[in-house]
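A.B. asks: Structure provided below as structure tokens; questions to follow.
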Amino acid sequence: MKSPTSPRSTTLRRQDDAAPTPRETEDGVPVDRRRNNSRAQIKRISSELFFRHGYEATSIRTIVDACGLTPAAFYNHFATKEALLREIVEEGHETVGRMMADALQAASDAPADRLRAIVSAYVRFHTHHQVFALVANAEYTSLPEPHLSVMRTERVRLRRIFEEVIEGGLSAGTFALPAVGAEPAAKIAAIAIGDMCLRVAEWYRSNGALSSGEVERAYAEYALRLVGAGPRSA
């Protein structure tokens, strides 16, 4: 995910699959499925509320009413609203990072294939988990310290995944980028690609004209053109 925040779209429809699949364990300890389902429901509905109204404007009372829970039931899962936001943001970044890592592991050593793989994975996260992704990008700055600094570090780490692949392509002569002042060209290209891809969450519709796979393939080719690679061979 990129460093700048993404503006909240006012037209995005509610997505039932906005949140990633709930974890089966917490700190290695199995979680009761009924409890985990309630926890996942709170995160999903809260993400929708944060998206529509903003984190600051959404109260715990609004959340528990929307979830059909009592305040006591909410506090059984989350000590504070900040703890809820932190888990949503952390899980969103964790999920996209895992998807990118898995994509790289499955890709060949060719720089173009590696860039294509991580861009596809990044776009897939933003089409499959739209509300979750938009909230994680737009509201992470509401986290208190030290959690905000930790998350900023994680966002830089994710950007570095793009940078390292681009740097590999530059070293191999597969990619070609113009110099950009004192900043490394790979860093600027990584920011540009990340910005381009995360905006998918703002306009993509699962029932629209394009499938997620079609968007993934298109954006992967756009990213390759951006770093100076030629079109994919037929």
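A.B. asks: Mind listing whichever residues of the range 197-223 are open to solvent by 50 Å² or more (accessible area, probe 1.4 Å), of a type outside the set (Asp, Glu) and in a helix (DSSP H, G or I)?
C.D. replies: Matches in the range 197-223: 203, 217, 222.
A.B. asks: Restricting to the range 133-179, name every residue that is without any contact (Cβ under 8 Å) to a residue 12 or more places away in the chain, open to solvent by 30 Å² or more (accessible area, probe 1.4 Å) and farther than 22 Å from residue 113 by Cβ.
C.D. replies: 145, 146, 149, 150, 153, 178, 179
A.B. asks: Right, here's the next one. Look at residue 182 and say whether it is over 24 Å from the mean Cα position of the chain (by Cα) and either open to solvent by less than 10 Å² (accessible area, probe 1.4 Å) or among the small types (Gly, Ala, Ser) (or both).
C.D. replies: Considered against the rule, which asks whether it is over 24 Å from the mean Cα position of the chain (by Cα) and either open to solvent by less than 10 Å² (accessible area, probe 1.4 Å) or among the small types (Gly, Ala, Ser) (or both), residue 182 comes out as yes.
A.B. asks: Take the residues in the range 224-234 that are more than 20 Å from residue 125 (Cα to Cα) and hydrophobic (A, V, I, L, M, F, W, C); name whichever of them is surrounded by the most Cβ atoms within 10 Å (Cβ to Cβ). Steps first, answer last, please.
C.D. replies: Just the residues of the range 224-234 that are more than 20 Å from residue 125 (Cα to Cα), to begin with: 225-234.
Next, only the ones that are hydrophobic (A, V, I, L, M, F, W, C) stay: 226-227, 229, 234.
Values: 226: 17, 227: 24, 229: 18, 234: 3.
Once the filter is applied, the top-ranked residue is 227.
The values are calculated or read from the model by the stated rules, or taken from the named source; none is laboratory data. In this text, all values refer to a predicted model and were calculated from it rather than measured experimentally. For neighbour counting, all protein chains shown are included, and Cβ atoms are generated from backbone atoms with ideal geometry for every residue, glycine included. Quick note on the areas: whole protein, heavy atoms, side chains included, nothing else; ligands and nucleic acids left out. Shrake-Rupley method; radii C 1.70, N 1.55, O 1.52, S 1.80 Å.
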